[in-house]
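One structure is given below, encoded as structure tokens.
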There are 2 protein chains.
Amino acid sequence: MAATTSRSQAAADKRRLILDAAVRVFARQGFHACRVSDIADEAGVAYGLVYHYFSSKDEILDTVFLERWNVLLAVIAEVDAGDGPARDKLRAIASFIVDSYRHDPDVMKVIVVEVTRAANSFGRTHLGKIREAYSLIAAIVAKAQRAGEFRDDVTPDFAALAFYGAIEQVLTGWIFDLLPQAPEDVETAKAQIIDTICDGLDVIGLRAT
Amino acid sequence: MAATTSRSQAAADKRRLILDAAVRVFARQGFHACRVSDIADEAGVAYGLVYHYFSSKDEILDTVFLERWNVLLAVIAEVDAGDGPARDKLRAIASFIVDSYRHDPDVMKVIVVEVTRAANSFGRTHLGKIREAYSLIAAIVAKAQRAGEFRDDVTPDFAALAFYGAIEQVLTGWIFDLLPQAPEDVETAKAQIIDTICDGLDVIGLRAT
DNA sequence: GGTATCGTTGACTCGCCAGTCAACGAAGTC
DNA sequence: GACTTCGTTGACTGGCGAGTCAACGATACC
């Protein structure tokens, strides 16, 4: 297959190999509870090689997080750019995140457990990136409020928090088996996130004011 | 002042002193980032004394969490036992948690950051206790659904997740300065939590089916 | 005042693990 | 085929911090 740059290509593959192994190990044991040697073992690679490709254990997690989170930010921005009701935009974002989890539960578990919810360690490091997502969502809500689609007595910042928070809670529920996660449950969950956030729990007609 | 059992009384006070110091240190530096000697220093007490009152660093955090969480569970159970609309019950619960944060931000910060959101470490240890809270809230929702007060196409478990999740997100927002926390903001937040969860973001009249 | 009790002290130990490094060997170059 | 490059190896070290422990001294009791 073509004149592959076998040297540098193999190197890139090894890096990927280590990264993927790290995701599995982080998901299984947690970042703090695992040793770098666990990652090396899982990747079938010598201990020292991990440090050839990454300067520290932290850098591995940073890489895992940023790789995925940047994709998420791009998707949210793209959804925002389109037109159509905000409700559909939020649905698209929730769907993307939920589908990401279904497609690769380990990566999402690591991101949520070790970064997004780890407010004291990596959550702090990546606070900026995490806030970007909140801001993009808040912007969607704000636009919908100006268009008269969403009520304007809830601040966009709060709405973004509640919306992303609901999604994260659901993921956490799946990760720790607090919530059923059969294929049909997953679709139901998507719908419930949107229904709850957009319509609330009250029965129709009971809304205050 | 009365014949104080000076010996055992002083001992109980020292234990409390260490516990309170630990809360401050955990809140400031995080559980993993702080050393036991930091706690001893903060309490103005010798290193070894910490181990006289607690068998391990973990036990200190366990104690801090359980002391407070049991109060929360009792309050939820009490609220549930009363009558009146579920919306008011949820409001009472949200108020209690938010007021707890205002009254003693450090304790709530430690509970949220180091236990509730720390799914891999202490969140796992105390998963049972945490689920108790979810169950109690879910029971309130289920009752309201039977009474026709809440819609019944959202599962009580999911509703509990979204409700508690919204509160926790707000606390997290305050803890990390993502959200304003002046006195009036705090009251607004309470209202927004209830409004969003019960009524949703959509403007009145736009609700689907 | 002598003795027992127990809260208190802080220097020390001991295991763990992230990160280093010297040496090896296979692909690439001349 | 000699030499260079660089991906690869894994034994080793250095520091850190939780938990131990022997000794101290203040209070209580006789």
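Bear in mind these aren't lab numbers, they're just calculated from the coordinates by the rules spelled out. Note that this is a predicted model, so its numbers are computed, not measured. Methodologically, a virtual Cβ is constructed for each residue, glycine included, from the backbone with ideal geometry; neighbour enumeration extends over all protein chains shown.
Between the stretch A:93-170 and the stretch A:12-31, what is the separation of their alpha carbon centroids in Å?
Using only Cα atoms, the two centres lie 25 Å from each other.
Taking a point 7 angstrom from the Cα of B:LYS14 along the C-beta vector, which residues in the stretch B:42-83 have backbone N less than 15 Å away?
Under 15 Å, as judged by backbone N against the label point of B:LYS14, lie B:43-55 of the stretch B:42-83.
Once you average over the residues of A:112-123, how many Cβ atoms of partner chains fall within 10 Å of each Cβ?
Mean inter-chain Cβ contacts per residue within 10 Å come to 5.
Please state the relative contact order of chain B as a whole percent: Cα pairs under 8 Å, 6+ residues apart?
Reported as a whole number, the value is 18 percent.
Calculate, for A:ASP88 and B:ALA74, the FRET efficiency according to 1/(1 + (r/R0)^6) with r their C-beta to C-beta distance and R0 51 Å; round to the nearest 0.05.
Working: r = 43 Å, r/R0 = 0.84.
With a Förster radius of 51 Å, E is 0.75.
Placing a label point 7 Å from Cα toward Cβ, how far apart in nm is B:VAL71 from its equivalents in the other copies, listed shortest first to one decimal?
4.4
First select every other residue whose beta carbon is under 12 angstrom from the beta carbon of A:GLN169; then total the charges, Lys and Arg +1, Asp and Glu -1.
Residues close to A:GLN169 contribute a combined charge of -1.
Give, in whole angstrom and from largest to smallest, the semi-axes √(5λ) of the equivalent ellipsoid of the stretch B:17-142, with λ running over the eigenvalues of the Cα gyration tensor.
Its equivalent ellipsoid spans semi-axes of 32, 14, 12 Å.
Just want the ordering: B:CYS198, B:CYS34, from fewest to most Cβ atoms lying within 10 Å of their own Cβ. Mind showing how you got there, number by number?
Working: B:CYS198 24, B:CYS34 17.
With the sparsest Cβ surroundings first, the list reads B:CYS34, B:CYS198.
Within 10 Å of each Cβ of A:27-33, how many other protein chain Cβ atoms are there on average?
2
Helix B:127-146 against the longest principal axis of chain B: what's the angle in degrees, Cα atoms only, rounded to the nearest 10?
Around 20 degrees separate the two axes.
Can you pull the percent of Cα pairs in the stretch A:69-209 with separation above 23 Å? Spell out each step's value before the answer.
Numbers: 3459 of 9870 pairs.
Summing the P(r) tail past 23 Å for the stretch A:69-209 gives 35 percent.
Can you list the distances in nanometres, one decimal and ascending, from the A:ASP152 label point to the identical position in each other copy, with the point 7 Å along Cα to Cβ?
Values, ascending and in nm: 3.9.
Amide H to amide H under 5 Å from A:ALA118: which residues, 5+ apart in sequence or cross-chain, H placed 1.01 Å off N in plane?
For A:ALA118, the qualifying residues are A:GLY123.
222 nm [θ] for chain A, helices only, -39500 (n - 2.57) per DSSP H run of 4+, per residue, to 500?
Value at 222 nm, helices only: -23500 deg cm²/dmol.
Can you give me the relative contact order of the stretch A:20-139 as a percent, contacts being Cα pairs under 8 Å and 6 or more apart? It would help to have the intermediate numbers written out before the result.
On the way: 74 pairs, mean separation 32.0, N = 120.
About 27 percent, as a whole number.
For the rotation taking B to A, I'd like to know which residue in chain B has the C-beta closest to the axis, plus that distance in Å.
Per the B/A rotation axis, the closest residue of B reads B:GLY200, 2.
Taking the Cα atoms only, what angle lies between the long axis of helix A:86-103 and the longest principal axis of chain A, rounded to 10 degrees?
The two axes meet at around 30 degrees.
Taking the label point 7 Å from Cα in the Cβ direction, how far apart in nm is A:GLY48 from each other copy of itself, listed shortest first?
Label point to label point, same position, other copies: 4.5 nm.
Just A:PHE26, A:PHE122, A:PHE176 to compare: in a GNM of chain A, with alpha carbon springs under 10 Å, which one fluctuates most?
Fluctuation is largest for A:PHE176.
Measure nothing fancy, just the Cα-based angle from helix B:156-175's long axis to the longest principal axis of chain B, in degrees from 0 to 90, nearest 10.
So the helix axis and the longest Cα principal axis differ by about 50 degrees.
For the protein assembly as shown, what Kirkwood radius comes out of the mean inverse Cα-Cα distance, in Å?
Roughly 23.2 Å, rounded to one decimal.
Taking the Cβ of each residue in B:VAL113, B:VAL36 as the centre, tally the other Cβ atoms inside 10 Å and list the residues starting with the fewest.
Fewest-to-most ranking of B:VAL113, B:VAL36: B:VAL36, B:VAL113.
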